[in-house]
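Before any comments, here is the structure.
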């Protein structure tokens with residue numbers, strides 16, 4: 001299933017973050033109009049506080065969503081301050097490094113009071129020494145606060161990036177917590193089934209890096225365009241297994 005961009009918000013962009021960043025736009029909801037702004041390597045935040053706020057935002061939501069007990073520990077930062085601070089420190093470092101890459105996109109959504117209510121982080125796939133492909137868009141993080149769910153904010157953010165990236169990436173890939181899988185499946189994502197040797201290879205390599213697979217996490221993928229006839233899992237498999 002290729003992404004149908006005709007039903008998504010459009011500025012007729014043909015873009016990569018390197019050449020033409022996503023212009024600021026608004027999302028209208030019953031609770032008010034929200035402002036959505038992109039951060040990328042050309043418009044780096046001046047303060048480390050932005051990275052910390054974004055990290056706290058994602059951790060706060062994921063820790064209350066996932067059934068993974070390791071996330072549950074982070075839902076009470078005052079009780080597990082040392083663990084929480086280390087996790088934030090690691091996440092901030094990862095964000096700061098990622099955003100320097102020309103293919104990384106960060107969109108964040110604020111209400112009129114400047115409160116952060118939604119955000120997405122995407123980048124080219126480089127999750128393990130072997131599972132990497134510059135033509136695959138990796139959805140690193142996507143979240144919306146509970147009081148603003150049901151207004152298609154997450155879908156709008158995701159499709160805004162898809163729309164902008166369709167000429168740069170062949171596919172999208174993500175690791176979704178089991179609780180979020182139905183949401184992504186409605187948008188056209190499918191679970192990597194392991195039905196081919198290439199998929200088995202990608203799953204195996206990712207599982208080496210993800211302690212939470214398969215108990216708490218599923219790997220999902222979706223084609224974004226038909227510009228590359230070879231499946232992205234096959235590309236990775238052939239690159240690492242020369243005899244394939």
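Couple of notes before you dig in:
- Qualifying residue in segment 78-85 (condition: closer than 21 Å to residue 116 by Cα and in contact with a helix residue (DSSP H, G or I) (Cβ under 7 Å, 6 or more places away or on another chain)): no
- Number of the exception - residue 240 against (1) in contact with a helix residue (DSSP H, G or I) (Cβ under 9 Å, 6 or more places away or on another chain); (2) under 25 Å from residue 22 (Cα atoms); (3) surrounded by fewer than 20 Cβ atoms within 10 Å (Cβ to Cβ): (2)
- Within segment 184-195, the set of residues being touching a helix residue (DSSP H, G or I) at 6+ places or on another chain (Cβ under 7 Å) and touching a residue at least 12 places away in the same chain (Cβ under 8 Å) comprises 187, 192.
- Of the residues 116, 142, the single one that is more than 15 Å from the chain's Cα centre (by Cα), at pLDDT 95 or above and within 20 Å of residue 53 (Cα to Cα) is 116.
- Answer residue from segment 75-103, given it is at pLDDT below 85 and over 22 Å from the mean Cα position of the chain (by Cα) and is nearest to residue 55 (Cα to Cα) among those: 77
- Hits in segment 190-229 - residues which are surrounded by 13 or more Cβ atoms within 10 Å (Cβ to Cβ) and part of a loop (DSSP other than H, G, I, E, B): 192, 194, 196, 210, 212, 213, 216, 224, 225, 228
- Cβ pairs under 8 Å, 6+ apart, first in segment 21-32 and at negative phi and in contact (Cβ under 8 Å) with a residue 12 or more places away in the chain, second part of a strand (DSSP E or B) and loosely packed, with under 11 Cβ neighbours inside 10 Å: 27/33
The values are calculated or read from the model by the stated rules, or taken from the named source; none is laboratory data. Bear in mind that the values here come from a model prediction, so they are computed numbers and not experimental data. As a convention, Cβ positions derive from the backbone with ideal geometry for all residues, glycine included, and neighbour counts pool all protein chains shown.
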